[in-house]
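Here is the structure we will look at.
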Amino acid sequence: MAGATVTVEGILTQDSRAKGGFGGFYLQQADHQTDGNPATSEALFIYTDREIADVGMRVRVTGKVKEYHGLTEMVSVRSIRACGRGPLPAPIAITLPWTVDPEHLENMRVTFRQPLTVVDNYNLARYGELGLAASDQVQPTEYLPPGKEAHRAFTRNGANRVLLDDNRSRRDPRPVPWPPGGLSSATVRAGDQIRGLIGVLDFRFDAWRLQPSQEPAFLATNPRETAPGPRHEASVRIMALNLGNFFNGDGRGGEFPTSRGAGTPAEFRRQQQQLVNTLLAPDPDILALTELENDGYGPASSIAKLAEALGGTWRFVSTPGQDGDDEIRTGLLYRSDRISAVGPPERLAKGPFESGGRPPLAQDFGRTDGDATVRVIVPHLKSKSCRGARGDNQDQADGQGCYASRRTNEAKTLAAWSGSDTRRHHSVGTLIIGDLNSYAREHPIAVLEQAGFTSMVHHFHPCTEKICGHYTYRYRGQKGSLDFALASETLKPRVTGAWSWLVNADEPRVLDYRSDHPASGRGPWRSSDHNPVIVDLKL
């Protein structure tokens, strides 16, 4: 049919000719005039800006049929005539996940029988869209070992979705279309639900989309959490967070943009305030941080300025000359009125960390009123980005992404180093806490588990395909943990609790420091793209 010139008649069901729209309208056969073939669609998108009819009118159009990036539409309209009014076709009731490809419903009115869950809000403010699925989706290698089954599950999750669109083609819509009333008064978190979805199903930009004909109802089924409450007075609270590239220019308000992070002094001020809000809210004793600018330890350095912003009792661990050649590094800060750093810090700058890596940082800590110590190690393993990947570091289609081989070698080196000396400074054990860029069933985590370490968040809150309440990251709408707190065998009995505080990964990115949206920069929300990990232990 593509390329043929045809004449069609039907009901104008939805109009997208206004400025910023798709430049046309949807035309669907009246219910009593369908061809009776359930395998074919009864509707077309008519690409024209002619103002001759409105919703509910019967229209006769002559033009050429075209497949435009998967969307069946009519272009080069020769004639168009309004033929009176008619009832709108009844929406077809459908559900997710798809049982077959929904092409037979293309451009037709549909309604979803069930509430759908927001799994992806990454492009909410950029394109006015939300990714929806039948339920929240978990990264397969959180609960499955790497392999073909995990890879298939990841692909299947991505296919069993629909995008809630905003009937517009322009970028950066303002106001942000969802939720009703705008982001200034509410948020749309991944994990929230939407009911009353009715509109036209179409295919644009490689995805099935619902162009709504009425405002759906948003339900805050994943509400914002308050910070974890106070711990027992005899406990030590250790918190890890990927800072999302904390770069502070020259440290005096100038030299922006930097190679990463904030692009202007105003963005940096928002970033620092949001991070401080997040880092202080759980009242931690020790902070294990990743993605700090690797710019030394002087008074204008990123770590010194962060300690200053946190308050006068905060101190940082210094390892000048040992931090590697990457633009970012790991860091440790602690409350000096509660915690003492015991002995010198160490960096692991050998093997895979020797060149092009981020050397893990280790420091022994003890309470100021006690003798027992805990060894805290902060790693940041190689990311899953495929840039420069060669050989066995390329994506093996097993669910682990790129550089799984390197991360596994890094984990082996880290495991050997972590167990090298646990008797020093009255140590009760070791906690590896940081960004491992690996999900719970992936090979690097298995290496550390085989060395006697236990993921304490997963110990207290196991993650399955259906239930995964603690996680630190969302990628393409699928949630899982890239950040861990792994306790050694001797430390594990002393851990009284472990959590992921769901403060960042579920929030729209428009709320981060890079945005001048009125709702950005408020409270701790979206201070990073990772959620923090928090551990309480008796020391």
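The values are calculated or read from the model by the stated rules, or taken from the named source; none is laboratory data. Note that the structure is predicted; figures quoted are calculated from it, not measured. Neighbour counts are summed over all protein chains in view; Cβ atoms, including those assigned to glycine, are modelled from backbone coordinates with ideal geometry.
Against the test of being small (Gly, Ala, Ser), within 30 Å of the chain's Cα centre (by Cα) and in the same structural domain as Leu241 (by TED's automatic domain parsing), the options Gly312, Gly343, Gly357 yield a single qualifying residue, Gly357.
Take Arg209 and decide whether it is in contact with a strand residue (DSSP E or B) (Cβ under 7 Å, 6 or more places away or on another chain) and basic (Lys, Arg). Spelling it out, Arg209 is indeed in contact with a strand residue (DSSP E or B) (Cβ under 7 Å, 6 or more places away or on another chain) and basic (Lys, Arg).
Applying a threshold of 6 Å to beta carbon distances and a minimum spacing of six or more residues, or different chains, the list of pairs starting in the stretch 278-295 at a residue that is polar (S, T, N, Q) and ending at one that is at pLDDT 95 or above and part of a strand (DSSP E or B) reads Thr290/Asn242; Thr290/Thr330; Thr290/His380; Thr290/Gly434; Thr290/Asp435; Asn294/Ile328; Asn294/Arg329. Thr117 meets the stated requirement of being of a type in the set (Val, Ile, Thr), under 30 Å from Ala440 (Cα atoms), in contact with a Gly (Cβ under 9 Å, 6 or more places away or on another chain) and not in a loop (DSSP other than H, G, I, E, B). Based on what the data block shows, is Thr62 of a type outside the set (A, V, I, L, M), under 15 Å from Asn107 (Cβ atoms) and part of a strand (DSSP E or B)? No; evaluated as a whole, the condition is false for this residue.
Going by the conditions given, is Thr72 among the β-branched types (Val, Ile, Thr) and in contact with a helix residue (DSSP H, G or I) (Cβ under 9 Å, 6 or more places away or on another chain)? Yes, satisfied.
Considering (1) surrounded by 14 or more Cβ atoms within 10 Å (Cβ to Cβ); (2) assigned to a loop (DSSP other than H, G, I, E, B); (3) at pLDDT 95 or above, the lone condition that Pro223 does not fulfil carries the number (1). Does the stretch 125-177 hold any residues that are within 22 Å of Thr472 (Cβ to Cβ) and surrounded by fewer than 16 Cβ atoms within 10 Å (Cβ to Cβ), and which are they? Pro145, the sole residue that qualifies. Which members of the stretch 319-334 meet the condition of being buried (at least 20 other Cβ atoms within 10 Å of the Cβ) and either out of contact with any helix residue (DSSP H, G or I) (no Cβ under 8 Å at 6 or more places or on another chain) or without any contact (Cβ under 8 Å) to a residue 12 or more places away in the chain (or both)? Scanning the stretch 319-334 gives Thr319, Asp323, Ile328, Arg329, Thr330, Leu332, Tyr334. Scanning the stretch 466-508 for residues that are of a type outside the set (A, V, I, L, M), assigned to a loop (DSSP other than H, G, I, E, B) and touching a helix residue (DSSP H, G or I) at 6+ places or on another chain (Cβ under 9 Å) yields Cys468, His470, Tyr471, Thr472, Arg476, Gly477, Ser481, Ser488, Trp501, Asn504, Pro508.
Scan the stretch 491-539 residue by residue and report those that are of a type in the set (A, V, I, L, M) and modelled with pLDDT under 95. Steps first, please.
From the stretch 491-539, those of a type in the set (A, V, I, L, M) are 491, 495, 498, 502-503, 505, 510-511, 519, 533-535, 537, 539; that's our starting set.
Listed by number, the residues that qualify are Val510, Leu511, Ala519, Leu539.
Can you tell me which residue within the stretch 192-203, out of those that are surrounded by 21 or more Cβ atoms within 10 Å (Cβ to Cβ) and assigned to a loop (DSSP other than H, G, I, E, B), is nearest to the chain's Cα centre (by Cα)? Going through the qualifying residues, I end up with Asp192. For the stretch 62-93, which positions are over 44 Å from the mean Cα position of the chain (by Cα) and either closer than 15 Å to Gly23 by Cβ or surrounded by fewer than 15 Cβ atoms within 10 Å (Cβ to Cβ) (or both)? Result: Arg78, Ser79, Ile80, Arg81, Ala82, Cys83, Gly84, Arg85. The set of residues from the stretch 448-462 being more than 17 Å from Pro532 (Cβ to Cβ) and either over 22 Å from the mean Cα position of the chain (by Cα) or surrounded by 23 or more Cβ atoms within 10 Å (Cβ to Cβ) (or both) comprises Leu448, Glu449, Gln450, Ala451, Gly452, Phe453, Thr454, His459.
Of the residues making up the stretch 226-263, those that are under 17 Å from Tyr471 (Cα atoms) and assigned to a loop (DSSP other than H, G, I, E, B) number 3. Looking at the stretch 66-86, can you tell me whether even one residue there is over 19 Å from Gly3 (Cα atoms), modelled with pLDDT under 95 and touching a Pro at 6+ places or on another chain (Cβ under 9 Å)? There is no residue in the stretch 66-86 that is over 19 Å from Gly3 (Cα atoms), modelled with pLDDT under 95 and touching a Pro at 6+ places or on another chain (Cβ under 9 Å). Applying the criterion of being modelled with pLDDT of 95 or more and assigned to a loop (DSSP other than H, G, I, E, B) to the residues of the stretch 350-367, the residue that is nearest to Phe453 (Cα to Cα) is Pro360.
Met108 fulfils the conditions (1) at pLDDT below 95; (2) surrounded by 18 or more Cβ atoms within 10 Å (Cβ to Cβ) except for a single criterion, (1).
Quick check: anything in the stretch 212-220 polar (S, T, N, Q) and touching a Phe, Trp or Tyr at 6+ places or on another chain (Cβ under 8 Å)? Steps first, answer last, please.
Our first condition is that a residue be polar (S, T, N, Q); within the stretch 212-220, this holds for 213-214.
When the remaining residues are screened for being touching a Phe, Trp or Tyr at 6+ places or on another chain (Cβ under 8 Å), the result is none.
Looking through the stretch 212-220, none of the residues is polar (S, T, N, Q) and touching a Phe, Trp or Tyr at 6+ places or on another chain (Cβ under 8 Å).
In the stretch 376-386, is there at least one residue being within 22 Å of Phe154 (Cα to Cα), without any contact (Cβ under 8 Å) to a residue 40 or more places away in the chain and in a helix (DSSP H, G or I)? Among the residues of the stretch 376-386, not one is within 22 Å of Phe154 (Cα to Cα), without any contact (Cβ under 8 Å) to a residue 40 or more places away in the chain and in a helix (DSSP H, G or I), which makes the answer no.
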